[in-house]
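The structure appears right after this line, and notes come after that.
The values are calculated or read from the model by the stated rules, or taken from the named source; none is laboratory data. Keep in mind it's a predicted model, so treat the numbers as computed, not measured. FYI the Cβ positions are ideal-geometry reconstructions off the backbone, even for glycines, and counts take in every protein chain you see. Each accessible area value is taken on the protein alone, full model and side chains, heavy atoms only, with ligands, DNA and RNA left out. Shrake-Rupley method; radii C 1.70, N 1.55, O 1.52, S 1.80 Å.
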Amino acid sequence: HRARPVTGYLLSRGPEGPEGTLGDSVGISGTSALETVPPGRLFFFNGDASKQLFGRTELLLDTWYHIVLTRDGDRVQVYLNSDLELSGEMGRLYPDGPTPVFVGGRNDGFGCFAGKVAEAAIYDRALAPEEVVRHYRAAGRGR
């Protein structure tokens, strides 16, 4: 987590474009956030550099994690292994209508994830907390 400014972006939604393109992105912190949060934490970034949400759990290398991002209006939540890791109000800054989704990188090509993503699923609604738990259990990781 100390080798790059951002360890890597896991998921991004927004128009493909130049650096700074606005979109919803979930990543793992690296060296660029040292003043705000230690490296190796999940974070949510919507393209507005003045506001980010950070998780509290250090992600270990070579470890499997189940991560879920939900957005319901301006309410953003990120779950780690079925537990709410970060939550907050973040405006949606990308345009209405169909929007590309990028797995393993950000929509502007910055900070590609140098790991493995086993599966990805996209829903037309925000999952409820109990649905997040059911998905985690179905993956064979649940309590």
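Structural remarks
- Selected residue (criterion: surrounded by the most Cβ atoms within 10 Å (Cβ to Cβ)) from residues of the range 43-57 that are touching a Lys or Arg at 6+ places or on another chain (Cβ under 9 Å) and not polar (S, T, N, Q): G55
- Some residue of the range 78-91 being closer than 22 Å to A139 by Cβ, buried (at least 19 other Cβ atoms within 10 Å of the Cβ), touching a residue at least 24 places away in the same chain (Cβ under 8 Å) and of a type in the set (V, I, T): yes
- Criterion (among the β-branched types (V, I, T), within 21 Å of S29 (Cα to Cα) and in contact with a Gly (Cβ under 8 Å, 6 or more places away or on another chain)) met by exactly one of V133, V117: V117
- Neighbours by Cβ (under 9 Å, 6+ apart or cross-chain): first from the range 50-63, under 13 Å from S29 (Cα atoms); second open to solvent by 90 Å² or more (accessible area, probe 1.4 Å) and of a type outside the set (D, E, K, R): Q52/T36; F54/T36
- Given (1) touching a residue at least 12 places away in the same chain (Cβ under 8 Å); (2) surrounded by 14 or more Cβ atoms within 10 Å (Cβ to Cβ); (3) farther than 14 Å from Y9 by Cα; (4) out of contact with any Ser or Thr (no Cβ under 9 Å at 6 or more places or on another chain), number of the condition I67 does not satisfy: (3)
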